[in-house]
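A short write-up of the structure that comes next.
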Amino acid sequence: MNAIELTGVGKSYGRTRALEGIDLDFGCGVTGLLGPNGAGKTTLLRIVATSIAADRGTVRLLGRDPLRSHHEITAIRRELGYLPQELGFPSDMTTFGFVEYVAVLKEWNDRRRRTREVRRVLDLVGLADLAGKKVGKLSGGQRRRVGLAQALLGEPRLLVLDEPTTGLDPAQRAELRRTLSVVASESAVLLSTHQTEDVAALCERVVVLVGGSVRFDGPVTELVASAAGQVWQADHPAPDAVVSWRTGSGKHHVVGGPPPPDALPVEPTLEDAYLLMLGADAARALT
Ligand SMILES: Nc1ncnc2c1ncn2[C@@H]1O[C@H](COP(=O)(O)OP(=O)(O)OP(=O)(O)O)[C@@H](O)[C@H]1O
């Protein structure tokens, strides 16, 4: 049984079709969800986090149907950790107090066990030293880590993270990768991000959503390989490239399109492959 099983899933907001025909299964490991603004990433994560219901198709989470009964949805939520895109914090609560409050909502009724668990997750995200500080006085990145701490309570089998790296500095992002790679050995982790480097560093599998549909689903290495032979370094601009820019070294990084005459091929990155995929879509939309 996979932790997440989606078949023919669709969701609309009024006339806007946010998702259509989504067929995806996820087991243990970290899967990265990429897609441009409005592609449907948050909508998909909210469905998987039982925060909203799909309009069409079937959703099974941890072997259960969230629409079947209150009992089923509660059973799923007991094993689910969710970091929403925007998490509201009562600013006068302390870091410890806020995570403990979420633990109470998650039915950690034994005070000693609860305290131990809150300390464990604060330690995991590197916030032990700030446990007594008011949430309102934390930096954006620190607040993001408080959000992550509450999602990690109880070692959830299903961890859903909406843009977890937003606001984190490079050292914190590296630490987050370390934490998630440990969690993912026993849990299914689904995260959305605009940072292709995070996906390349952390995920075995990547799903690209475009316009509410799955545009790519497979190993990160496969997406990278799809750009082989289409990325160059050149001395001159490439006006017909899918994307190209002048780098700090003064050379031009050229992705797709005909190579300029002096172009030297370079190994593509995940970002190159992703830009190529989106660029091809954009070009198709214009014809
Ligand atoms: N509550 C809502 N009411 C109406 N339309 C919505 C609502 N939430 C999302 N949408 C629309 O659904 C589509 C998908 O939005 P969604 O937030 O899932 O995309 P996303 O990929 O997460 O975008 P972003 O990268 O900007 O966060 C968009 O067209 C958006 O405008």
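Computed over the chain, relative contact order equals 20 percent, with contacts defined as Cα pairs under 8 Å that lie 6+ residues apart. Put in line by how crowded their Cβ is, counting other Cβ atoms within 10 Å and starting with the fewest, Cys28, Cys203 read Cys28, Cys203. The lysines within cross-link reach of Lys137, meaning a Cα-to-Cα straight distance under 27 Å and a gap of 8 or more places when in the same chain, are Lys106. Kirkwood analysis of the Cα pair distances in the chain returns a hydrodynamic radius of 20.5 Å.
Within the chain, the selection of entire DSSP H helices by a Cα span of 15 Å or greater along the long axis and an average Kyte-Doolittle value of at least -1.0 returns 95-105, 140-152, 170-183, 270-286. As a proxy for reagent exposure, ranking Thr196, Thr179, Thr58, Thr43 by other Cβ atoms within 10 Å from fewest up yields Thr58, Thr179, Thr196, Thr43.
Across the range 45-127, the mean sequence separation of Cα contacts (distance under 8 Å, 6 or more residues apart), normalised by length, yields a relative contact order of 18 percent.
Taking Cα centre as origin and charging only the Cβ of basic (Lys, Arg, +1) and acidic (Asp, Glu, -1) residues, the dipole magnitude of the chain rounds to 1280 debye.
Seen from a random direction on average, the alpha-carbon convex hull of the range 1-132 projects onto 10.1 square nanometres. In the chain, a dipole from Cβ-located charges (positive for Lys and Arg, negative for Asp and Glu) runs towards its positive end, and of Ala49, Gly140, Thr95 it is Thr95 whose Cα lies farthest in that direction.
The trypsin sites (Lys or Arg not before Pro) of the range 1-91 that meet both conditions, a loop assignment by DSSP and at most 13 other Cβ atoms within 10 Å of the site Cβ, are Arg15, Arg68.
Each reported figure results from applying straightforward, stated rules to the coordinates on display, with no laboratory input. Everything numeric in this text was worked out from a predicted model, so none of it was measured. Virtual Cβ from ideal backbone geometry, glycine too; neighbours counted across all protein chains shown.
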